[in-house]
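A.B. asks: Here it is, the structure, as structure tokens.
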Amino acid sequence: TMHTQASEETERQLAYTTAALLRAAAPLFWLNLLLFAAVWWRLWPLPGLPLWLLGIAALLVGLAALVLQVRLGFDARLFDGFARGRQTPPQLDSALYTLGLAKPLSPRSMALRCAGALRLARLWQCLTGLQILLLLCMLAL
């Protein structure tokens, strides 16, 4: 029906826009990696306890940011697949469950899926900001 086609087009547009936004953040993976390396470099030779604690926190935050970046890249590819009609959300859910990457979930709308991806992107932004702040604190000591 006409309403179903309009709804599918809206979902494709949501997926396309989300994929584009997530892809825009992809080059910043190198920023997270550089920050991670800078923290590691600042920890040698072994510093005093305050600097060491800041460094461990910065490394953990940086590692979480890097892992989240990989996840966001994966999500960008999935949303791109939705936008191009290569896969439907139920097909994705089934594949993720079969691969052991997700638990069985009740069906979710594309809007909810996009909102979840954007929450992860905001979390990644916060982690990157915290990583920068911790490195700046380390450099000030």
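A.B. asks: So Leu21 ticks every box in (1) touching a residue at least 12 places away in the same chain (Cβ under 8 Å); (2) open to solvent by 50 Å² or more (accessible area, probe 1.4 Å); (3) over 30 Å from Ser7 (Cα atoms) but one. Which box is left unticked?
C.D. replies: Just one mismatch for Leu21, condition (3).
A.B. asks: Tell me which residues, restricted to segment 130-141, are in a helix (DSSP H, G or I) and open to solvent by 40 Å² or more (accessible area, probe 1.4 Å).
C.D. replies: Taking segment 130-141 and keeping what is in a helix (DSSP H, G or I), we get 130-140.
Leu130, Ile132, Leu133, Leu136, Cys137, Leu139, Ala140 - these are the residues of segment 130-141 that are in a helix (DSSP H, G or I) and open to solvent by 40 Å² or more (accessible area, probe 1.4 Å).
A.B. asks: Then there is this: Quickly run through segment 55-73 and pick out the residues that are small (Gly, Ala, Ser) and crowded, with 16+ Cβ neighbours inside 10 Å. If you could, list the steps in order and put the result at the bottom.
C.D. replies: Of segment 55-73, the ones small (Gly, Ala, Ser) are 55, 57-58, 62, 64-65, 73.
Gly55, Ala57, Ala58, Gly62, Ala64, Ala65, listed by residue number.
A.B. asks: Here is a follow-up. Out of segment 62-90, which residues are at pLDDT below 90 and in a helix (DSSP H, G or I)?
C.D. replies: The answer is Pro89, Pro90.
A.B. asks: Within segment 32-39, does at least one residue satisfy the condition of being within 30 Å of Gln5 (Cβ to Cβ), of a type in the set (Val, Ile, Thr) and either assigned to a helix (DSSP H, G or I) or open to solvent by 30 Å² or more (accessible area, probe 1.4 Å) (or both)? Give the derivation first.
C.D. replies: Residues of segment 32-39 within 30 Å of Gln5 (Cβ to Cβ): none.
No: segment 32-39 contains no residue that is within 30 Å of Gln5 (Cβ to Cβ), of a type in the set (Val, Ile, Thr) and either assigned to a helix (DSSP H, G or I) or open to solvent by 30 Å² or more (accessible area, probe 1.4 Å) (or both).
A.B. asks: If I ask for residues that are modelled with pLDDT of 90 or more and of a type in the set (A, V, I, L, M, F, W, C), which ones from segment 97-112 would you list?
C.D. replies: Within segment 97-112, Leu99, Met110, Ala111, Leu112 meet the criteria.
A.B. asks: If Pro47 meets every condition in (1) in a helix (DSSP H, G or I); (2) in contact (Cβ under 8 Å) with a residue 24 or more places away in the chain; (3) open to solvent by less than 60 Å² (accessible area, probe 1.4 Å); (4) not acidic (Asp, Glu) apart from one, which number is that one?
C.D. replies: (1)
A.B. asks: Here is a follow-up. Restricting attention to segment 92-112, report how many residues are open to solvent by less than 100 Å² (accessible area, probe 1.4 Å), without any contact (Cβ under 8 Å) to a residue 40 or more places away in the chain and assigned to a helix (DSSP H, G or I).
C.D. replies: 5
The values are calculated or read from the model by the stated rules, or taken from the named source; none is laboratory data. None of these values were measured; they are calculated from a predicted model. Cβ atoms come from the backbone with ideal geometry, glycine included; neighbour counts cover every protein chain shown. The protein model used for the area step is the full one, side chains on, heavy atoms only, and it has no ligands, DNA or RNA in it. Shrake-Rupley method; radii C 1.70, N 1.55, O 1.52, S 1.80 Å.
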